[in-house]
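Structure first, commentary second.
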Amino acid sequence: VVLGLLLAHGFPVPSAFVVGYSGLLQTILTGTGNALLPRHKEITSAQAWFVHDFPIDFARNKTCVAFLDKTDGDMLLFLDADMKHPPDLAHRLVAHGKDIVTARYAMRKPPFFSVAMRRIGDGPTDYQAVEKLMAPEELRGLVPVDSAGAGALLISRFALERIRERAGDNWFQYQDGPDGLRSRSEDMWFFEQAKAVGLQPYLDAVLHCAHVAQFEVTPDYHKPY
């Protein structure tokens, strides 16, 4: 597993990220998290790539190139520095055996829905958050999604190679929104490329991460809305 850590230029790294990352790294390095995995899936080695470049789509693409061309890792795990990740994040995501799987985390502003979404139409913004489309009892375990964020995203080497065949070294890309609206996020492009080559992304709906603003936004913050 290679850890791709995205650190924004000019912004301090939140202490919540440092605390979460320390616990995650300890779980990997001590091997304690492997109790969650069958022997043939155990995480036996890990590297960390700290990427400071900007904009974010360029930084993510640079990380993917480094992962494919400079490591022999099986899985790339993106960790954004504005998040707090649970210590068993890597092992729980690997345990699913999927090529693309993300943990669940919320937007940092009301109504605090998850960044994980499903398509509801053919337009560029025809997506809805999973909480708006699914009952709470359905958001258990592994859920197929059409788009999500990349702040706690596990991607297999196979998936990156498949997308590379279609899009070159352009796994992530900001896009202009319709009618002059703000650009569509770089991770939305990634999920659209993945779907285009026949890959199904998944959300672990019970594996929660906090999104750090002035406070830690958890996936439960949307409930009053």
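Every read-out reported here was derived from the displayed coordinates using simple, explicitly stated rules and does not represent laboratory data. Predicted model, so just to flag it, every value in this text is computed and none were measured. Here Cβ is always computed from backbone atoms with ideal geometry, including for glycine, and neighbour counts include all displayed protein chains.
Can you pull the one-decimal nm distance between simple spin-label points at Arg140 and Lys41, each 7 Å off the Cα toward Cβ?
With each label point 7 Å from Cα toward Cβ, the separation is 2.0 nm.
What is the gain in length, in nm to one decimal, between Gln175 and Asp53 on full extension, counting 0.36 nm per residue of separation less the C-alpha to C-alpha distance? Present the calculation step by step, with values, prior to reporting the outcome.
On the way: separation 122, 0.36 × 122 = 43.92 nm, distance 1.85 nm.
Taking Gln175 through Asp53 to full extension adds about 42.1 nm, to one decimal.
Please work out which option in (1) 53, 39, 31; (2) 48, 40, 37; (3) 55, 42, 28 gives Cα extents along the principal axes in Å calculated from these coordinates, and answer with its label.
Comparing each candidate, only (2) matches the computed number.
Using modelled amide H (1.01 Å from N, peptide plane; none on Pro or chain starts), what sits under 5 Å from the amide H of Ser147, excluding residues fewer than 5 places away?
Under 5 Å from the amide H of Ser147 lie the amide H atoms of Met117, each far enough along the sequence or on another chain.
Figure the gain on full extension for Gln214 and Leu25 (residue separation times 0.36 nm, minus the Cα-Cα span) and round it to one decimal in nm. Kindly include the intermediate steps, with their values, before the conclusion.
On the way: separation 189, 0.36 × 189 = 68.04 nm, distance 2.47 nm.
Once the chain is fully extended between Gln214 and Leu25, it gains 65.6 nm.
I'd like the trypsin sites (Lys or Arg not before Pro) in segment 98-184 restricted to DSSP loop residues with at most 13 other Cβ atoms within 10 Å, sorted by number. Mind showing how you got there, number by number?
Numbers: sites: Lys98, Arg104, Arg108, Arg118, Arg119, Lys132, Arg140, Arg157, Arg162, Arg164, Arg166, Arg182, Arg184; in loops: Lys98, Arg108, Arg140, Arg182.
Filter output for segment 98-184: Arg140, Arg182.
Could you compute the FRET efficiency for Val13 and Asp122, with r as their C-beta to C-beta distance and R0 at 45 Å, rounded to 0.05?
Details: r = 39 Å, r/R0 = 0.88.
Calculated value: 0.70.
Of all beta bridges DSSP finds with both residues in the chain, what is the antiparallel percent, to the nearest 5? Before the final figure, lay out the partial values.
Working: 21 of 35 bridges.
Beta bridges within the chain, antiparallel portion: roughly 60 percent.
Just need the Rg to Rh number for segment 49-182, please, alpha carbons only, Kirkwood Rh.
On the way: Rg = 15.6 Å, Rh = 16.3 Å.
Rounded to two decimals, Rg over Rh is 0.95.
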